[in-house]
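First up is the structure itself, then whatever we jot down about it.
The values are calculated or read from the model by the stated rules, or taken from the named source; none is laboratory data. Model, not experiment: these values are computed from the prediction. Methodologically, a virtual Cβ is constructed for each residue, glycine included, from the backbone with ideal geometry; neighbour enumeration extends over all protein chains shown. These area figures cover heavy atoms from the full protein model, side chains too; ligands, DNA and RNA do not enter into them. Shrake-Rupley method; radii C 1.70, N 1.55, O 1.52, S 1.80 Å.
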Amino acid sequence: MIECNKTFCIQLHYSISPGLNFFWVLICEFSGVSKAIKTLQAHNKQVIFVSNNCGKTIDQIQGKFKTLLDIDNISPRNIITSAVSSAIYLKNKMDIESEKVYLVAQQPFKQTLEEFGIHTIGVGPVKPKEYGDWANEEVDKSVKYVIVSYDPYFNHTKLTQAYLYISENNAEFIASDTDNFFSVSPTRKIPGSLSLQAGLAAVLNRNPTVMGKPDPFLFELIQKEHGTIDVAKTIMIGDNYFTDIEFGFNCGLSTGLVLTGNTKLKEVSNFDRQPDFVLEGLACLGKE
C-alpha cells in the first residue's frame, strides 16, 4: 500500500481509560501507530488526521501525538476535527460581530470556536428549570446557530433551550457528528453525540446540518485546505464502519477498516458494502 502513492486520511482514537489493562492495550497499539505514521512520512505520503473528537483542541491533539506517539511534526492544517469544520462553516456564514452560537458541547469545542472569533454560550453545567419556569423565559435573539455535540452536562433544560432558539429564532440546527456510540473500553460502549441530537431532531421534525464524518462536507474542507486531492490515490482508514468507512464511501475514497476500535471482524460480513481493506491495526502499515 505504501508504493501506491496514496494520501492517507487516518482517524485515530485518543481516549485513555483509567483502567490499566485498556491503557496497555492502547499503548501497544500506539507503538505500532507511531511506526506506521513515520514509515508513511518517510515515503513522502501526505497524512491527514480526520476526527469527530471535539473534546480536544488541535494543540491538545498535537500534544497527544508527541507524548503517546513521539511524533512532533504534524502540522495543524493536517488535523481536521468536526469542531474545526464547524468553526470554518460558521465563520463563512454568520455575522460574528452580532450573532452567537448556543453550544451543547465541551470546553475544548468552545475554545476552538472562540479561536475563530465566534462567540458562544451554553457550555458547562446548568441549573435545571421547572416546568413552569419556561413560560416567561426570555430568548436571546442574537443566537442564530445551535450546535449539539457530546456534553456530559446535557439535560432537559439544555434540550429546551436549544429547542426555543431554533423554533423561535429560526436558528440553524447543527450537529458536530452523528456518532451513535463511544468506546470507553474494549468491552464497553456508551451513547454518543447522536443520542443528544435525537430528541431535538424528533421535536423539531428536522435533521441537523452535520459537520463531521460521515458527511462529505468535511472532505470538501480538506480539499479547500490542501488543494484538489486525487480520490483515486486516497484511502480513508479508521476503526468505525459507520463514520470512517462510510465517510470514505461518501467521498469516493478507498477504505481501510482497522479492528482496534468500534467495529469488530464478526460484524463486517453483515454490511451491505465492504471496505476495500481490513487490517488488524495501523501497525500493519509500518511493515516494509
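Numbers below:
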{"item": "Hypothetical label at VAL184: residues of region 121-136 whose amide nitrogen lies under 20 Å (7 Å Cα-Cβ projection)", "result": "124-126"}
{"item": "Three-way shape call for region 182-246 based on the alpha-carbon gyration tensor, with the a/c threshold at 1.5", "result": "oblate"}
{"item": "Carbon plus sulfur fraction of accessible area for the chain, probe 1.4 Å, in percent", "result": "51 percent"}
{"item": "24 Å Cα-Cα threshold exceeded, pairs from LYS64/LYS266; LYS38/LYS66; LYS189/LYS233; LYS110/LYS213; LYS45/LYS66", "result": "LYS64/LYS266; LYS189/LYS233"}
{"item": "Ranking by accessible area, most exposed first, for ASP59, ASP215 with a 1.4 Å probe", "result": "ASP59, ASP215"}
{"item": "q = 0.12 Å⁻¹, region 133-288: log10 I(q)/I(0) [Debye, one scatterer per Cα]", "result": "-0.65"}
{"item": "Rounded if a/c under 1.5, otherwise prolate or oblate - the chain, Cα gyration tensor axes", "result": "prolate"}
{"item": "Region 123-271 - accessible surface per residue (Å², probe 1.4 Å)", "result": "48 Å²"}
{"item": "Shape category assigned to region 98-158 from the gyration tensor of Cα positions, a/c cut at 1.5", "result": "oblate"}
{"item": "Modelled FRET efficiency - R0 22 Å, HIS43 with LYS64, Cβ distances, 0.05 increments", "result": "0.40"}
{"item": "Beta bridge orientation in the chain: antiparallel %, DSSP, nearest 5", "result": "10 percent"}
{"item": "For region 177-208 and region 221-258, distance of Cα centres in Å", "result": "22 Å"}
{"item": "Proximal aspartates and glutamates to LYS264, defined as alpha-carbon separation beneath 20 angstrom and excluding residues fewer than eight positions away on the same chain", "result": "GLU29, ASP179, ASP239, ASP244, GLU246, ASP272, ASP276, GLU280"}
{"item": "Residues of region 31-86: accessible area per residue with a 1.4 Å probe, Å²", "result": "39 Å²"}
{"item": "Convex hull (Cα only) mean projected area of region 42-147, reported in nm² to one decimal", "result": "8.8 nm²"}
